[in-house]
Each structure stands twice: as structure tokens, then as C-alpha cells.
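Here is the structure we will look at.
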Amino acid sequence: MQKLRNSFLDFSIATLNFLANIGIVLPYVLILFKYQVSHSVTYLIAIIVFYIARAASIFSTKRLGLKASTYLLLCLWLGVIGSVIYSITTSLPWLIIGGLCLGYTSANIWPYYLTIKLHLTTSTDFKLKRLYWLIFAALGLLFVADFSFDLHYQLAFVILGLLFLAALPAGRLLKGFSMAFYDTHTITEAHPVKPWRVAGFIVFFSLMGLLTLLRKINLSIALPYVLGIVLLAIILLNLELAADWHAMPANKLRIVNRGFLVSFVLLFNSFFGFFILGKNGMYLIFAIYLLGFEGGLPLFRALGRRDPARSKQLAQVGLILGHLLAFTTNPALYSIGLLLIALYVGYENPAINTSVYTADENDPDLAIINKYRFSTYGGLLCQLCLFALLVTVSAWQNLKLMAFFNPSSASLKLTYLHGVAWPLLLISLLLSIVTIYGQHFFKSSRPSHLHH
């Protein structure tokens with residue numbers, strides 16, 4: 001019986017590890033597939049609700065002053081609720097509730113899981129077994145069954161709900177293990193919520209919801225008004241950023257730049273890649289990002305001969321060179337440029353995780369959440385800059401805004417290159433240069449094996 005119990009806990013922890021790593025994208029992909037199968041306005045609204053909930057919840061979490069281990073369990077329960085809703089109903093009000101639940105879980109499950117892992121690393125000898133990573137392959141086969149039998153992803157949501165349910169014992173186990181950390185750590189008291197921030201928060205993410213809708217369908221809104229929406233959103237985002245600036249004494253600019261670079265590669269170039277790399281450009285960009293993200297740390301460590309200062313310098317040189325190569329229209333040089341940017345993100349991300357968690361000025365129970373909050377600021381800033389440029393170019397060339405997000409011809413390559421790609425690249429390059437040369441104001445830290 002004890003052996004069976006241990007085997008189930010192994011499976012539960014493996015499932016939690018799987019959900020923490022893939023949870024940020026899997027629910028979104030499943031809802032998107034549901035929309036592509038049904039072409040229903042109901043699921044279009046569900047996608048937008050999920051997207052906004054995922055972006056907004058990273059700012060609204062940690063307001064109750066609970067432990068990170070408690071928030072992790074909350075993420076798992078909300079994942080169960082959201083998955084069950086999407087597996088049994090197509091009612092819009094219920095799908096909105098499910099989208100809110102899954103959006104919160106997708107945004108927060110990894111940061112809280114990583115926080116607990118770091119707590120256990122510093123206060124216990126708990127380690128994940130290599131066996132846990134095999135769950136990716138095993139559970140992937142279960143989702144293939146849904147696709148093969150054309151079950152319209154109902155089975156996939158049932159499986160997703162069961163996975164969240166199966167991960168609950170692991171969540172409770174990790175909460176128990178983390179008590180050793182909390183016995184010596186005082187939880188930071190929750191700050192009172194300011195009404196003006198709540199109002200700005202609601203307006204900002206309402207604007208983001210409208211802009212997200214504009215990416216999905218054609219709406220008859222005059223482009224000058226859309227530009228006004230974008231500019232207002234940029235102002236509100238910067239006010240929110242300024243209000244949160246005190247939350248993390250150091251590394252803020254590094255993290256904002258990290259978020260900007262991720263959105264630049266994955267969001268902008270997944271669409272712009274069509275004009276450079278052809279119809280498979282989106283898939284190639286995604287592969288380039290994954291290769292760079294996973295390979296950045298070992299590559300620059302090897303090139304720097306395990307000298308952290310030299311490795312960091314090489315990664316920064318690669319980042320600048322990557323931007324310069326991405327300015328070209330040559331597919332090979334463009335791809336190498338994006339790869340160098342992704343390699344920098346892959347190298348820098350573990351160092352950021354370590355530095356924010358170990359910094360004496362930071363609350364370790366809040367550090368990773370704050371890291372993802374500032375990273376989200378950077379990502380949203382990139383998206384808003386992209387929209388501002390797109391609206392300007394669309395008005396100037398009398399183009400539909402959707403022409404960029406649903407490309408059907410490469411004839412607009414130079415238009416988008418000159419009017420959107422180059423200006424956005426220049427913004428990214430300037431932000432990266434400021435980040436690199438401004439890092440002497442921040443405390444440095446050695447890279448580690450922490451990922452995501």
C-alpha cells in the first residue's frame with residue numbers, strides 16, 4: 001500500500017511539474033482550437049476573456065497576503081473548475097467564468113511553482129526526479145486521442161481537468177515541505193488597494209481587450225480612434241509601472257527588457273515572419289525561440305569557459321548583433337538575428353531568477369511573481385508599440401489592420417519592414433542598450449539552472 005501511495009505521489013508531482021511548465025499555453029491553445037473548429041463568436045469572446053485574464057491576473061495576484069504555496073493550490077483548483085466548465089458547456093456566461101479561472105491559473109501556476117521549488121532548494125533536500133519529465137510524452141499521447149477521434153477537444157478539457165485534480169496531492173505535499181521555509185520567514189503584509197489603481201487597471205485591460213478583438217476580426221473603428229486607444233493604453237501602462245516601481249529594488253529594467261524581447265520575437269515576428277520566411281514562418285519563429293531559450297545558458301557558458309563575466313559579455317554582444325542582423329531582409333541573416341536574441345533571453349532568464357530571489361532587498365515569497373509582473377509590463381509595452389506602428393502604417397497606406405495578422409501575400413513586405421519592423425527593432429535595440437549599460441546600477445548575480 002505504501003509503495004502504491006508513493007507511486008501515486010510521484011505521478012502527482014510529475015503532473016504538477018507538467019502543468020506548471022505547459023500551463024501558460026495549453027489552455028489557450030485548446031480554447032483557440034475550439035474557436036477554429038466552431039468559428040463561434042462565443043469562443044472568440046472566450047479567447048479574449050482568457051487572454052485578458054492571463055495578462056491582468058499577474059498584476060492582481062498576491063493582494064490577499066497568502067503564502068505562495070496556498071496560491072499554488074488556488075491555481076490548481078481554478079484549473080479544475082475552468083477545465084470542467086469547458087468540457088461540459090458552451091454557454092457564454094459559464095465560458096467567461098471558465099476563461100477567468102484558466103487565465104488566472106495560466107499566468108500564475110509557473111511563478112508560484114518556481115517560488116516553492118526555490119523555497120525547498122534553500123530549506124530542504126527535496127529534488128525533482130528525472131522520471132517526472134517523462135510525463136510530457138505520456139500525457140501528450142492522451143491529447144492525440146482527442147484529435148484523432150475528432151472529439152472537438154471535449155476529451156482534451158476533461159483530461160486537463162483530471163490533470164489539475166491529480167496534481168492537488170503534490171500541491172499539498174509541497175506546501176507541507178515548504179513549512180520549513182515559512183517557519184523562518186515572515187509573510188509581507190498585503191498593501192491596501194488604491195481606488196485610482198483599480199480604476200486605471202479596469203480601463204487599461206478593457207482597452208487591451210478591445211485591441212485584442214481587433215486582431216481577431218474586422219471592426220469598423222476609424223484608425224485615428226484606434227491610435228487614441230493605443231496611446232491612452234500606453235499612458236495607463238506607464239502609470240501602473242511607475243506605481244509598482246518600488247516593488248523590486250533592483251533588476252527592474254532587465255526584466256522589462258526581457259518581457260519586451262520575448263514579445264518582439266514570439267508575437268511580432270510570428271506574424272512578420274510570413275513576409276520573410278514564407279507560409280511556415282510562424283512555426284519557424286517558434287522553433288527558433290525554443291532553441292534559443294533552451295540553448296542560451298549552456299551555449300554562452302561554454303563559449304565563456306564558465307567565466308560568468310565573459311559569458312554575460314558574449315550574450316550581450318550577441319543581443320546587439322542579433323538586432324542588427326534582424327534589420328536585414330535576408331531569410332538566413334534574419335533567422336540568425338532572432339536566434340541570437342532568443343539565446344540572450346535563454347541566458348539572461350536564469351540569472352534574473354536567481355538574482356531577484358536571492359537579493360536581500362526582495363521578499364523571496366514575492367520575488368518571482370514581481371519578476372513576471374515586470375516582464376509582463378515589457379511584453380505589453382511591446383504589443384502597444386506594435387499596435388501604434390501598425391495603426392499608423394495602415395492609415396498611411398489605406399490598409400486594413402487585419403492585413404498584418406492574417407497575411408495572404410508577401411507583397412506588403414517592404415511596407416511592414418519600413419513602417420513597423422524597423423521602428424520596433426530600433427525601440428528594442430535602444431531599450432537593450434540602455435539595459436546593458438545601466439546594469440552597473442543593479443546588483444549582479446551568477447547565472448544558475450533556473451528556467452522558464
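Structural remarks
- In summary, Pro93 fulfils each of the numbered conditions (1) within 17 Å of the chain's Cα centre (by Cα); (2) modelled with pLDDT of 85 or more; (3) surrounded by fewer than 19 Cβ atoms within 10 Å (Cβ to Cβ) with the single exception of condition (1).
Yes or no, residue by residue, for (1) within 20 Å of Asn280 (Cα to Cα); (2) in contact with a Lys or Arg (Cβ under 8 Å, 6 or more places away or on another chain); (3) modelled with pLDDT under 90:
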{"site": "Leu321", "(1), (2), (3)": "no, no, no"}
{"site": "Thr329", "(1), (2), (3)": "yes, yes, yes"}
{"site": "Tyr334", "(1), (2), (3)": "yes, no, no"}
{"site": "Ala342", "(1), (2), (3)": "yes, no, no"}
{"site": "Asn349", "(1), (2), (3)": "no, yes, yes"}
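- Identity of the residue in region 248-291, open to solvent by 10 Å² or more (accessible area, probe 1.4 Å) and not in a helix (DSSP H, G or I), that ends up farthest from Ser409 (Cα to Cα): Pro249
- Against the numbered list (1) assigned to a helix (DSSP H, G or I); (2) surrounded by fewer than 20 Cβ atoms within 10 Å (Cβ to Cβ); (3) among the β-branched types (Val, Ile, Thr), Val393 comes up short only at (2).
- Selection of region 226-247 for residues being open to solvent by 40 Å² or more (accessible area, probe 1.4 Å) and either at pLDDT below 80 or of a type in the set (S, T, N, Q) (or both) yields Asn238, Trp245, His246.
- In region 28-55, the qualifying residues are those that are among the aromatic types (Phe, Trp, Tyr), closer than 24 Å to Tyr113 by Cα and open to solvent by less than 40 Å² (accessible area, probe 1.4 Å), and the one that is modelled with the highest pLDDT is Phe50.
- Within region 336-356, considering residues that are open to solvent by 20 Å² or more (accessible area, probe 1.4 Å) and within 22 Å of the chain's Cα centre (by Cα), the one nearest to Pro111 (Cα to Cα): Thr354
- Residues being closer than 13 Å to Leu241 by Cα and either among the polar types (S, T, N, Q) or not in a helix (DSSP H, G or I) (or both) - total across region 354-385: 3
- Looking across region 357-369, the residues that are more than 28 Å from Leu299 (Cβ to Cβ) and open to solvent by 10 Å² or more (accessible area, probe 1.4 Å) come down to Asp360, Glu361, Asn362, Asp363, Pro364, Leu366.
Rundown of residues vs (1) at pLDDT 85 or above; (2) touching a Phe, Trp or Tyr at 6+ places or on another chain (Cβ under 7 Å), yes/no style:
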| position | (1), (2) |
| --- | --- |
| Arg5 | no, no |
| Phe8 | no, no |
| Gly23 | no, yes |
| Leu26 | no, no |
| Ser57 | no, yes |
| Gly65 | no, no |
| Ile97 | yes, no |
| Cys101 | yes, no |
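Listed here are the residues, each with its yes/no results for (1) outside any helix (DSSP H, G or I); (2) of a type in the set (Val, Ile, Thr); (3) open to solvent by 40 Å² or more (accessible area, probe 1.4 Å); (4) at pLDDT 75 or above.
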{"position": "Phe126", "(1), (2), (3), (4)": "yes, no, yes, no"}
{"position": "Leu142", "(1), (2), (3), (4)": "no, no, yes, no"}
{"position": "Leu163", "(1), (2), (3), (4)": "no, no, no, yes"}
{"position": "Ala180", "(1), (2), (3), (4)": "no, no, yes, no"}
{"position": "Thr184", "(1), (2), (3), (4)": "yes, yes, yes, no"}
{"position": "Val203", "(1), (2), (3), (4)": "no, yes, yes, yes"}
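The values are calculated or read from the model by the stated rules, or taken from the named source; none is laboratory data. Remember, it's a predicted structure, so these values are computed and weren't measured experimentally. In this analysis, Cβ positions are derived from the backbone assuming ideal geometry, glycine residues included, and neighbour counts consider all displayed protein chains. Just so you know, the surface numbers come from the protein's heavy atoms only, side chains and all, with ligands and any DNA or RNA stripped out. Shrake-Rupley method; radii C 1.70, N 1.55, O 1.52, S 1.80 Å.
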